[in-house]
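One structure is given here, and the rest of the page talks about it.
Just so you know, all these numbers are worked out from the coordinates, no wet-lab data involved. For clarity, every value in this text was computed on a predicted model and none was experimentally measured. Cβ placement follows ideal geometry from the backbone for every residue including glycine, while neighbour counts extend to all protein chains displayed.
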Amino acid sequence: MKKWLCAVLCILTLLACMACAPAEEAKKTYKFKAGSTEIAVGADVGPILSELGAYTRFYESPSCYFTGMDKIYIYDSFEIHTYPDGGKNYVYLIVLLDDTVATAEGVRIGASKSDVEKAYGEPDKATNTSLIYSGKGMYMEFFLEGGVVVEIQYQHTKVRG
Amino acid sequence: MKKTTRICITLLLCLAIVASTVGVLAFVQALVMPKYMSMLTREGALIAEYYNETTTHDVIFVGDCEVYESFTPPTLWEEYGITSYIRGSAQQLTWQSYYLLEETFERESPKVVVFNVLAMKYGEPQNEQYNRMTLDGMKWSKSKLAAIKASMTEEENLLSYVFPLLRFHSRWSELTGEDWKYLFSRDTVSHNGYLMQTAIKPRPEVDREGVRLSDYTLPERSFDYLDKMHALCRENGAELILIKAPTNNWKYWWYDEWDEQICNYAAENGLDYYNFIDNEEIGLDWSTDTYDGGVHLNVYGAEKMTAYFGKILQERYGIKDHRDDVALVRVWSAKLTAYYNEKKELEKKQ
């Protein structure tokens, strides 16, 4: 009898754990829209660059994980960081730099912590200086200073500068 | 035929079959293993070259690319008579530095160990490709086994390090002339662990810093291995010196918050820590002394860095000038010749 009870309890605990942890597939993919150009972490940057037009500054550095160069394309209000793989370059980080651009959910630099929570809900991880929201293969991070958003990043979960 | 003779013949036949199978597998394994002989991948050959050394060293460097691109042992010898070796490798993690050092102390007794702290930022295994570049080159020992266990990513397994054929069999279809050429022997790619670069690509005049991080705390695991490295040096009567190479690129940015943690660690543990970033006394010129826009030093920058650090090693740590030792002079003269020959060859190709 005890054994059966233990087994049932174990199965219930397991099911409860599975229900608590959202499957990676079910997670949202947060994307940034610059004008009419949609930019997603993990996307091939080629077509994105063609749509965005000229960038203001550009940096490159030897890639740690892949043969080739990591690159940063800097535009007026945001920057796109890419890594090379198989002859193409893919986005691993998008950084919003000023309040002339906003996330698809309407949050921009200068917003308050509660504005972010109103738009995105409870963060998956929070400290005094940042709020993190997990997405599918990526996460969004809002950097705070004095409770105000000072920088917004869309980051790849595996590739990091 | 007698029964015992038949048994002997059967046994011999079995042995011959087993021996030839092992031989064929060993041959195929040697063939498919990456050779790391091309200019783009040669850092993968660094770790194995150490075992060719015939003399010991007073100074051992451990760490990532910032050690094998910032210091040149031939310059340390030429200017100060200091014997040294760089046991560096691409993205060498703190626990790999520890186990390489442990293995080094089994073979020799350096007076000083120099550890570059950039790798302290990594608290967990990073990438199989870089693991391989460090671990496959190590000779089998308890240190190698421990290094593998500490370094494996989730996708890796110990067996593939014991039998690399299991990992690299798929290279069968990608074999090149290099795999045949270097099947049984390899060229020497380094100068006591220093990987020479003569190209010049200036650092951008308007450079940028690293991206903002949510947490600047250096991982506990890195400090655990730094503790172990310190203890190992103490047990072996060697001085551990912490350094940060002078390079500071946005991709491999050294944050002030990290520097503060290393300064505190050094102070608490009675260690010396030299951060060479922005140290003007070295005399680096970022328009000529880097080959990749400021990420690494080229040979001209590394020679300046080495000349500066050699003086510190000699004056503050009393590292001996061995230029009166005839046997060592003979060995190092050959090394210097190889060093200047490669420098000349590479400069011709620029």
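In terms of other Cβ atoms within 10 Å, A:33, B:111 run from fewest to most in the order A:33, B:111.
Each Lys or Arg adds one and each Asp or Glu takes one away; over the other residues whose Cβ falls under 15 Å from the Cβ of residue B:322, this sums to -3.
Equivalent ellipsoid of the protein assembly as shown: semi-axes from √(5λ) of the C-alpha gyration tensor, largest first, are 42, 34, 24 Å. Here the mean projected area of the convex hull built on the C-alpha positions of the range A:23-150 is 8.6 nm².
Sequentially through the range B:164-181, phi angles give Karplus couplings (6.51, -1.76, 1.60; θ = phi - 60°) of x, 4, 4, 8, 9, 4, 5, 6, 3, 7, 10, 4, 10, x, 4, 5, 7, 4 Hz, Gly and Pro residues having no value and appearing as x.
Between residue B:281 and residue B:216, the simple spin-label model (points 7 angstrom out along Cα→Cβ) gives 2.5 nm. Shape analysis of the range B:192-243 places it in the oblate category; the axes a ≥ b ≥ c from the Cα gyration tensor give an a/c of at least 1.5, with a/b not above b/c. The H on the amide N of residue A:28, modeled in the peptide plane, is under 5 Å from the matching H of A:136, each at least 5 residues off or on a different chain. Please give the net charge around residue B:136, taking every other residue with its beta carbon less than 10 angstrom from that of residue B:136, where Lys and Arg add +1 and Asp and Glu add -1. Cβ neighbours under 10 Å give a net charge of +3. As an equivalent ellipsoid, the range B:272-350 spans semi-axes of 25, 22, 7 angstrom, where each value is the square root of five times an eigenvalue of the C-alpha gyration tensor, largest first.
The simple Förster model, with R0 at 30 Å and r as the Cβ-Cβ distance, assigns residue B:178 and residue B:145 a FRET efficiency of 0.55.
Annotation: the range B:83-147 has a Kirkwood hydrodynamic radius of 12.4 angstrom, from the mean reciprocal C-alpha pair distance.
Note on residue A:43 and residue B:129: the model spin-label points, each 7 Å out from Cα along the C-beta direction, lie 2.5 nm apart. For the pair the range B:212-231 and the range B:101-155, the centres of their Cα atoms are 15 angstrom apart.
Derived value for chain B: Kirkwood hydrodynamic radius 21.8 Å. Basis is the mean of 1/r over every pair of different alpha-carbon atoms.
By the helix-only formula, in which each DSSP H run with n ≥ 4 contributes -39500 (n - 2.57) and the sum is divided by residues, chain B has a 222 nm mean residue ellipticity of -14500 deg cm²/dmol. Cross-linked pairs A:113/A:158; B:251/B:349; B:142/B:228: Cα-Cα separations exceed 24 Å for A:113/A:158; B:251/B:349. Counting other Cβ atoms within 10 Å, keep those with at most 16, restrict to DSSP loop, and tell me which GluC sites (Glu not before Pro) in the range B:78-162 are left. Counting only loop positions with at most 16 other Cβ atoms within 10 Å, the GluC sites (Glu not before Pro) in the range B:78-162 are B:108, B:154, B:155.
Taken over the alpha carbons of the range B:215-290 as equal point scatterers, the Debye sum produces base-10 log I(q)/I(0) values at 0.12, 0.16, 0.19 Å⁻¹ of -0.42, -0.71, -0.91. Inter-chain Cβ neighbour count for B:211-219, averaged per residue, equals 5 (cutoff 10 Å, partner chain atoms only). Cβ-Cβ distance of residue A:33 and residue B:321, R₀ of 60 Å, FRET efficiency by 1/(1 + (r/R0)^6): the value works out to about 0.40. Looking at the square roots a ≥ b ≥ c of the eigenvalues of the Cα gyration tensor of the range B:206-350, which shape do they give, rounded for a/c under 1.5, prolate if a/b is larger than b/c, or oblate? It is oblate, given that a/c is not under 1.5 and a/b is not larger than b/c. A cut-off of 5 Å between modelled amide H atoms, ignoring neighbours fewer than 5 places along the same chain, links residue A:78 with A:97. Candidate cross-link partners of residue B:344 among the lysines, defined by an alpha-carbon separation under 20 Å and a same-chain spacing of 8 or more, comprise B:201, B:304, B:335. What FRET efficiency comes out for residue B:334 versus residue B:269 if R0 is 41 angstrom and r is the Cβ-Cβ distance? Round to the nearest 0.05. About 0.60, to the nearest 0.05. Here the Kirkwood formula, the inverse mean of 1/r across different C-alpha pairs, assigns the range B:1-138 a hydrodynamic radius of 17.8 Å. A cut-off of 5 Å between modelled amide H atoms, ignoring neighbours fewer than 5 places along the same chain, links residue B:191 with B:196. Relative contact order of chain B: what whole-number percent is it, with Cα pairs under 8 angstrom and at least 6 residues apart? Normalised by residue count, the contact order of chain B is 24 percent.
Label separation (residue B:199 vs residue B:344): 2.4 nm, computed from points 7 Å beyond Cα along the C-beta direction.
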